[in-house]
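Trainee: I'd like to ask you about the structure that follows.
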Amino acid sequence: MTPQNLTRSLYPLVGIVVILALWQLYTWLSGISPLVLPSPMEIGSVSIKRHDLLLQQTWPTFIETVLGFALALLIGVPLAVLVANSRLFNLVLYPILVATQSIPKVAIAPIILVWFGLGISSKLALAFLVAFFPIVVDTAAGLQATPPGLLELAHALCASRRQVFFKVQMPAALPFIFAGSKVAITLAVIGAVIGEFVGSMAGLGNLVLAANSQLDGPLAWAALVWLSALGILLFAAIALVEWLMMPWERASQH
Amino acid sequence: MIDSTAPRGPEQPRLGGATIVSPADSPRRAFGRFENVHKAFKRPGQTPLTAIETVTFDLQSGQLISLLGPSGCGKTTFLRIAAGLIPKTSGIVEINGAEVERPQPDFGMVFQQPNLMPWRTVLKNVLFPVEIQGDADGRAVQRAAELLSLVGLSGFEHSYPAQLSGGMQQRVALCRALVHQPKLLLMDEPFGALDELTRMEMQDLLLDIRAKTGATLMLVTHSISEAVYLSDRVAVFSPRPARIADVIAVDLPYPRRPEARYAPEFTELEHRASRALGITR
Ligand SMILES: Nc1ncnc2c1ncn2[C@@H]1O[C@H](COP(=O)(O)OP(=O)(O)OP(=O)(O)O)[C@@H](O)[C@H]1O
Ligand SMILES: [Mg+2]
């Protein structure tokens, strides 16, 4: 990390510290009930003290998110390939995709619950539904943005469609697929939590609701902290895979 | 720098088994035949756009012919027809005894832009054609490495294109076009995007490579001096729709050295080309 980078990442850190300090000061001075607004220190200490419970509840949310995201990738990428390579699929599928995307996911969550039950699969389905769209759209955009010069080069060398796809289009689309995946994974966390809110027996979203109903404000907030940590961690994991899979991107930066 | 005037004895390294033919003693049989090539682009809701009216010339084996013409006259279109990338409207395009109707695996192509794949290293970019054609064996790797060293890029095999200058990228593109030992090398303003100095270096490099591989070359250019310096023959295209305005035989001996650019014969040939282009009278 260069000194410049270091100072750049220091700025938001300073901002966070200031906000937390003001928050802490406010809870002290106002004497507000911890159910309404617990202090950052209290949230912090609960986040650590009750890590057994929190970790246990993170697991189902993690599984729902990751499986939902993986499914979105598994179905979304091939679908994007069809949309990008076939005029028919582009004309038929794309409007349908956009139309389904306009349905608010929160609104269909209860229906999904009826279909898939209270267990993990309904959350997985919701995570899938929200993660799916950015993956399809970005992958299709990436495939269609393959530089025409590279396609002509492959064509001039008598490359087969298969070779063009795997050796030219796919690598060219990779940065787009990762951009979509980063959006998708954070959305997948939200999808899983929506599912847990509507009806569940476990998970961090479930814990937020349960703590709230037991008037345990600090625990509800601690669950929130863990939830955002989960989101950041998953995002970082995608960024790491991207870093590993695209060495040429790092090579060009220096 | 690579010295194109260096004597080439039998002890010279062979380019991965390619026959080394000096252009002077190669047999001059017709390798390519272009007869009344005509191209009109269909335009929806409009009359077709005639890009090439009629173009006729022969291409001799081992020769280097330049297609010289004003911007938009149909040079790229003609080259793409010769490469089998787009269909002609009428006429004959025959190369190596066969009608060209689709891309040919034994052609090499250099585009106006390097067109390198950013995700492949230099060596992997050069190996792309042999990989597509399914013979990326050890010999091909060795050939690629030899070509890279020939263009002065030894040590950059594992760099990525983004780490190279424009001129270096175009040299990689040149290696890529040669790695599968093509019978015909088609080049579309390969040095057009380069600065004058790099451009002249690349021209000497091209002559050197041509001498070592004996490849037949067809090169599109805007530049009169480039056309004269490189070519055995210059086919001058008229403004669109293209016709052949003149075919100029350049009888300057190879190997050519940069000094040749200042010889009176050179200037005379340049003048003839510029007359054919309608620039001077
Ligand atoms: N795919 C196409 N569809 C329709 N018209 C085209 C197409 N490609 C080229 N043309 C037209 O054909 C004419 C010749 O184009 P071409 O690219 O061959 O010119 P050029 O001689 O290579 O020009 P330059 O030196 O500027 O590259 C132009 O008028 C162009 O508009
Ligand atoms: Mg052109």
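The values are calculated or read from the model by the stated rules, or taken from the named source; none is laboratory data. What you see is a predicted model, and the numbers here were worked out from it, not measured in a lab. No Cβ is skipped: glycine too gets one built from the backbone with ideal geometry, and neighbour counts run over all protein chains shown. Remember, those area values only see protein heavy atoms, side chains included, never the ligands or the DNA or RNA. Shrake-Rupley method; radii C 1.70, N 1.55, O 1.52, S 1.80 Å.
Trainee: If the cut-off is 13 Å between C-alpha atoms, which aspartates and glutamates fall inside it for B:Lys124, apart from same-chain ones fewer than 8 positions away?
Mentor: By straight Cα distance, B:Lys124 reaches B:Asp137, B:Glu157.
Trainee: To the nearest 500 deg cm²/dmol, what mean residue ellipticity at 222 nm is calculated for chain A from DSSP H runs of n ≥ 4 alone, each contributing -39,500 (n - 2.57), summed and divided by the residues?
Mentor: On the way: 11 runs with 207 residues, N = 254.
Calculated at 222 nm, the ellipticity per residue is -28000 deg cm²/dmol.
Trainee: A 28 angstrom limit on the alpha carbon distance is what I want to check against. Which of A:Lys105/A:Lys182; A:Lys123/A:Lys182; A:Lys123/A:Lys167 exceed it? Before the final figure, lay out the partial values.
Mentor: On the way: A:Lys105/A:Lys182 19 Å; A:Lys123/A:Lys182 19 Å; A:Lys123/A:Lys167 36 Å.
From the list (A:Lys105/A:Lys182; A:Lys123/A:Lys182; A:Lys123/A:Lys167), the Cα-Cα distance tops 28 Å for A:Lys123/A:Lys167.
Trainee: Comparing the chain by itself with all protein chains present, which residues of segment B:70-105 are at least 50 Å² less accessible (probe 1.4 Å)?
Mentor: B:Leu85, B:Pro103
Trainee: Sticking with this one: Explain nothing, just the number: relative contact order of chain A, from Cα pairs under 8 Å at least 6 residues apart, as a whole percent.
Mentor: With pairs under 8 Å counted, the relative contact order is 26 percent.
Trainee: Here's something else I'd like to know. Within a Cβ distance under 10 Å of B:Val130, other residues only, what is the Lys/Arg minus Asp/Glu net charge? Don't skip to the end; give the middle numbers.
Mentor: Values: positive: B:Arg139, B:Arg143, B:Arg176; negative: B:Glu131, B:Asp135, B:Asp137.
Charge balance in the 10 Å sphere: 0.
Trainee: Then there's this: Between segment A:177-254 and segment B:115-164, what is the separation of their alpha carbon centroids in Å?
Mentor: Using only Cα atoms, the two centres lie 42 Å from each other.
Trainee: If you take the C-alpha gyration tensor of the protein assembly as shown, multiply each eigenvalue by 5 and take the square root, what semi-axes do you get, largest first, in whole Å? Display every interim value, and only then the final one.
Mentor: Working: eigenvalues 809, 139, 81 Å².
Each semi-axis is the square root of five times an eigenvalue, giving 64, 26, 20 Å.
Trainee: Here's something else I'd like to know. Just the accessible area per residue of chain B, please: how many Å² with a 1.4 Å probe? It would help to have the intermediate numbers written out before the result.
Mentor: On the way: 12060 Å² over 281 residues.
Result: 43 Å² of accessible area for each residue.
Trainee: Continuing with the same structure: Let's test the formula: R0 of 56 Å, r as the Cβ-Cβ distance of A:Val18 and B:Asn96. What FRET efficiency results, to the nearest 0.05?
Mentor: Values: r = 75 Å, r/R0 = 1.34.
That gives a FRET efficiency of 0.15.
Trainee: Is chain A rounded, prolate or oblate when judged by the Cα gyration tensor, a ≥ b ≥ c being the square roots of its eigenvalues, rounded requiring a/c under 1.5 and prolate requiring a/b larger than b/c?
Mentor: Values: a/c = 2.98, a/b = 1.60, b/c = 1.86.
Oblate, because a/c is 1.5 or more while a/b does not exceed b/c.
Trainee: Nearest 0.05, what FRET efficiency do B:Tyr262 and B:Gln142 give at R0 = 30 Å with Cβ-Cβ as r?
Mentor: Efficiency, rounded to the nearest 0.05: 0.15.
Trainee: Now for a separate question. Scanning chain A for helices, which whole DSSP H stretches are 18 Å or more long along the axis (Cα) and average -1.0 or more by Kyte-Doolittle? Please report the intermediate quantities before stating the final value.
Mentor: Details: long enough: A:3-30 (40 Å, 0.86); A:51-85 (49 Å, 1.29); A:87-101 (21 Å, 1.17); A:120-144 (35 Å, 1.56); A:170-198 (40 Å, 1.73); A:217-245 (42 Å, 1.92).
The answer, listed by residue number, is A:3-30, A:51-85, A:87-101, A:120-144, A:170-198, A:217-245.
Trainee: Using a 1.4 Å probe on protein heavy atoms, which residues of segment A:149-166 have at least 20 Å² less accessible area in the complex than alone?
Mentor: A:Gly149, A:Leu150, A:Glu152, A:Leu153, A:His155, A:Ala156, A:Leu157, A:Cys158, A:Gln163
Trainee: Which of these, B:Pro190, B:Pro239, B:Pro253, has the largest mean-square fluctuation under a Gaussian network model of chain B (Cα springs below 10 Å)?
Mentor: Highest fluctuation of the listed residues: B:Pro253.
Trainee: Comparing the chain by itself with all protein chains present, which residues of segment A:221-254 are at least 30 Å² less accessible (probe 1.4 Å)?
Mentor: Flagged in segment A:221-254: A:Trp248, A:Ala251, A:Ser252.
Trainee: In sequence order, what are the phi-derived ³J(HN,Hα) couplings for segment B:179-193 according to the Karplus relation 6.51 cos²θ - 1.76 cosθ + 1.60 with θ = phi - 60°, rounded to whole Hz, with x for glycine and proline?
Mentor: Computed from phi, the couplings for segment B:179-193 are 5, 9, 6, x, 6, 9, 10, 10, 10, 9, 6, x, 10, x, 8 Hz.
Trainee: Roughly how tilted is helix B:196-213, in degrees to the nearest 10 and between 0 and 90, from the longest Cα axis of chain B?
Mentor: So the inclination is approximately 80 degrees.
Trainee: How large is ³J(HN,Hα) for each residue in segment B:227-235, as worked out from phi by the Karplus curve 6.51 cos²θ - 1.76 cosθ + 1.60 (θ = phi - 60°), to whole Hz, x for Gly and Pro?
Mentor: Result, rounded to whole Hz: 4, 5, 5, 8, 8, 7, 9, 10, 9.
Trainee: Just to confirm, what accessible area per residue do you get for chain A at 1.4 Å probe, in whole Å²? Before the final figure, lay out each step's value.
Mentor: Details: 13740 Å² over 254 residues.
Heavy-atom accessible area per residue stands at 54 Å².
Trainee: So what is the relative contact order of segment B:110-182, in percent, for Cα pairs below 8 Å that sit 6 or more residues apart?
Mentor: Working: 79 pairs, mean separation 37.1, N = 73.
In percent, rounded to a whole number, it is 51.
Trainee: Excluding same-chain residues fewer than 8 positions from B:Lys88, which lysines have a Cα within less than 27 Å of its Cα?
Mentor: Partners found: B:Lys39, B:Lys42, B:Lys75, B:Lys183.
Trainee: Computing the accessible area with a 1.4 Å probe over protein heavy atoms, can you report the carbon and sulfur percentage for the protein assembly as shown? Could you put the intermediate results ahead of the total?
Mentor: On the way: 16520 of 25790 Å².
Using a 1.4 Å probe with all protein chains present, the protein assembly as shown comes out at 64 percent carbon and sulfur.
Trainee: Could I ask something else about it? Using a probe radius of 1.4 Å on protein heavy atoms only, what is the accessible area buried between chains A and B, both sides summed, to the nearest 100 Å²?
Mentor: On the way: alone 14750 and 12990 Å², together 25790 Å².
The A and B chains share an interface burying roughly 1900 Å².
Trainee: Another question about this same structure. Using 7 Å Cα-to-Cβ label points, what is the A:Ser30/A:Ala239 separation (nm, one decimal)?
Mentor: Spacing of the two 7 Å Cα→Cβ label points: 3.2 nm.
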